[in-house]
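Colleague: Please find one structure pasted underneath; my questions will follow.
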Amino acid sequence: MATLQTVEAGFGTTRLPDAAGIDVSELGKLDTAGAFLIDRMLRASNAYPPRLIGVHASAASLLEQVHAVSDPCEPAPPRSHGFVDMLERIGRGTVAVFTEVTATLAFLGETMFTIARLIVQPWKLRWTSIVAVMEEAGLNAMPIVAFLTFFVGMVVAFIGATSLRDFDLEIFTVELIGYSMLREFGVVLTGIVLAGRTNSSFTAQIGTMKMRQEIDAMLTLGLKPMDVIVAPRVIAMVVMTPILAFVATLAGIAGGIVVGWTSLDINPGLFIERMRASVPLDQFWIGMSKAPVFGLVVALIACRQGLMTGGSVQSLGHRTTTSVVQAIFAIIVIDALFAIFYMELGI
């Protein structure tokens, strides 16, 4: 190769002989990036040290310095796809799951301690931040939650009416709507909507603050991120999630009433009266008891993943995706645990 341009053009395709010559007589400026490119090509061609043709002020010294601090790129070991490799991946995944669960529980403990300390010292609570999060994550989410659960209530009523019509038991669609919306669908759909909407928003906000080093600035000023960032979001979500679940439950029942009125000839008054007489009130409280837990889980996972964001956009995207997936998974698992718990209690 006669010039640096020839070296760059032939990188990866030309194999240089030993003691290759590189003409630097017409080379202008050379920085460490260009020297690294030459060194990488020479390493790949087993042609080091090079023979420089011509005179350049810094080419020789830069090549020596870059060669001293750079390592040869070792070829990636071939991956096997056998039984042992499968066991290894399963083991790594299991360890990662346990590590994630342990870290999340540790963050939960730190959050609970912070909130308890702020309750004892209420003058340190940031009420403006709490109210702002309640409006953003609560009131602004109310239309989509009500809209979604309204149509889910209609779907459940249609399925119930279609299935029960074969037995001439369409009237029991009222009980189906009552039990399903009061106990499960209202609060679970609220949690899933919050996991997709609010959870990703919290993670993106905190992750952007982490990327811009705003959290480091808070620490420099003596502010604790747990007090300023995490606690207001957790408190706001624990307060607003039951309200959203209540609205979602009413919207789902309204969807069932519409189907009952239009398809089953059950007028709204009869629908509500039969539900009041047939569905116990404790079903409503069972659903509402899950709402604060779902709100806590959504805020907790979102804040933790946001604080773990690195300095790149790829890290922010990865953490946001992980946050949403973990929140939805946690809501479903916790709802199943609640179902088992209440089943053991006989309610």
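Colleague: Output the DSSP H helices from the chain with an along-axis C-alpha extent of no less than 30 Å and a mean Kyte-Doolittle hydropathy no less than 1.0.
Modeller: 83-120, 142-165, 231-263, 313-345
Colleague: Using a Förster distance of 25 angstrom, determine the FRET efficiency expected from the C-beta separation of residue 132 and residue 220, and round it to 0.05.
Modeller: E(calc), rounded to 0.05, equals 0.55.
Colleague: Still on this model: Give me the percent of accessible area attributable to carbon and sulfur for the chain, probe 1.4 angstrom.
Modeller: 68 percent
Colleague: Would you calculate the convex hull of the Cα atoms in the chain and tell me its volume per residue in Å³?
Modeller: Dividing the Cα hull volume of the chain by its residues yields 255 Å³.
Colleague: I've got another one for you. Rank 327, 68, 299 by mean-square fluctuation in a GNM of the chain with C-alpha springs under 10 angstrom and give only the top-ranked residue.
Modeller: In this elastic network of the chain, the residue with the biggest mean-square fluctuation among 327, 68, 299 is 68.
Colleague: Can you show me the helix-derived [θ] at 222 nm for the chain, built from DSSP H runs with n ≥ 4 at -39,500 (n - 2.57) apiece and divided by the number of residues, rounded to the nearest 500.
Modeller: -24000 deg cm²/dmol
Colleague: Once the cut-off is 22 Å, how many percent of the Cα-Cα pairs in region 170-241 end up in the long-distance tail?
Modeller: 46 percent
Colleague: So what is the relative contact order for region 107-266, in percent, with contacts set as C-alpha pairs under 8 Å and at least six apart?
Modeller: Relative CO of region 107-266 lands at 46 percent.
Colleague: Ok, one more. Mind checking which lysines have their C-alpha under 25 Å from residue 224, skipping anything on the same chain fewer than 8 residues away?
Modeller: Leaving aside lysines fewer than 8 places away in the same chain, those within reach of residue 224 are 124, 210.
Colleague: Can you return the aspartates and glutamates within cross-link range of residue 290? Criterion is Cα-Cα under 12 Å, with same-chain partners fewer than 8 residues away left out.
Modeller: 184, 335
Colleague: Considering only 144, 115, 169, whose Cα is most displaced toward the positive end of the charge dipole of the chain, charges sitting on Cβ of Lys, Arg (+1) and Asp, Glu (-1)?
Modeller: Comparing the listed Cα positions along the dipole, 115 ranks first.
Colleague: Using C-alpha positions alone, give me the convex hull volume of region 176-311 per residue in cubic angstrom.
Modeller: Each residue corresponds to 96 Å³ of Cα convex hull volume.
Colleague: Under a point-charge model restricted to the Cβ atoms of Lys and Arg (+1) and Asp and Glu (-1), what is the dipole moment magnitude of region 122-184 relative to its Cα centre, in debye to the nearest 20?
Modeller: Rounded to the nearest 20 debye, it is 460 debye.
Colleague: Now for a separate question. Over region 211-326, give the accessible area per residue in Å² for a 1.4 Å probe, as an integer.
Modeller: 44 Å²
Colleague: Considering only C-alpha atoms, what is the centroid distance from region 213-239 to region 138-174, in Å?
Modeller: Cα centroid to Cα centroid, the span is 40 Å.
Colleague: Right, something else. Specify which residue in the list 228, 203, 36 is farthest towards the positive end of the charge dipole of the chain, using unit charges on the beta carbon of Lys, Arg (+1) and Asp, Glu (-1), about the Cα centre.
Modeller: The residue sitting most towards the positive pole is 228.
Colleague: Related question: Taking the chain as a Gaussian network, where each spring joins two C-alpha atoms under 10 Å apart, which residue of 277, 291, 245 fluctuates the most?
Modeller: Looking only at 277, 291, 245, the biggest GNM fluctuation is shown by 277.
Colleague: Still on this structure, I have one more. How big is region 235-303 by the Kirkwood estimate over distinct Cα pairs, in Å?
Modeller: 13.6 Å
Colleague: Given R₀ = 25 Å, what would the calculated FRET efficiency be for residue 151 paired with residue 272, taking r from the Cβ atoms and rounding to 0.05?
Modeller: E between residue 151 and residue 272, to the nearest 0.05, is 0.80.
Colleague: Which length gain, in nm to one decimal place, applies between residue 342 and residue 84 when the Cα-Cα distance is subtracted from 0.36 nm times their residue separation?
Modeller: Between residue 342 and residue 84, full extension yields 88.7 nm more.
Colleague: Dipole magnitude of region 90-143 about its Cα centre, charges +1 at Lys/Arg Cβ and -1 at Asp/Glu Cβ only, in debye to the nearest 20?
Modeller: 180 debye
Colleague: While we're here: Just need the relative contact order of the chain here, percent rounded to a whole number, with Cα pairs under 8 Å and 6+ apart.
Modeller: Relative contact order, the chain: 19 percent.
Colleague: Note the per residue figure in Å³ for the convex hull of the C-alpha positions in region 255-347.
Modeller: 136 Å³
The values are calculated or read from the model by the stated rules, or taken from the named source; none is laboratory data. All figures in this text were calculated on a predicted structure; none of them were measured in a lab. Cβ: placed from backbone, ideal geometry, glycine included. Neighbour counts: every protein chain shown. The protein model used for the area step is the full one, side chains on, heavy atoms only, and it has no ligands, DNA or RNA in it. Shrake-Rupley method; radii C 1.70, N 1.55, O 1.52, S 1.80 Å.
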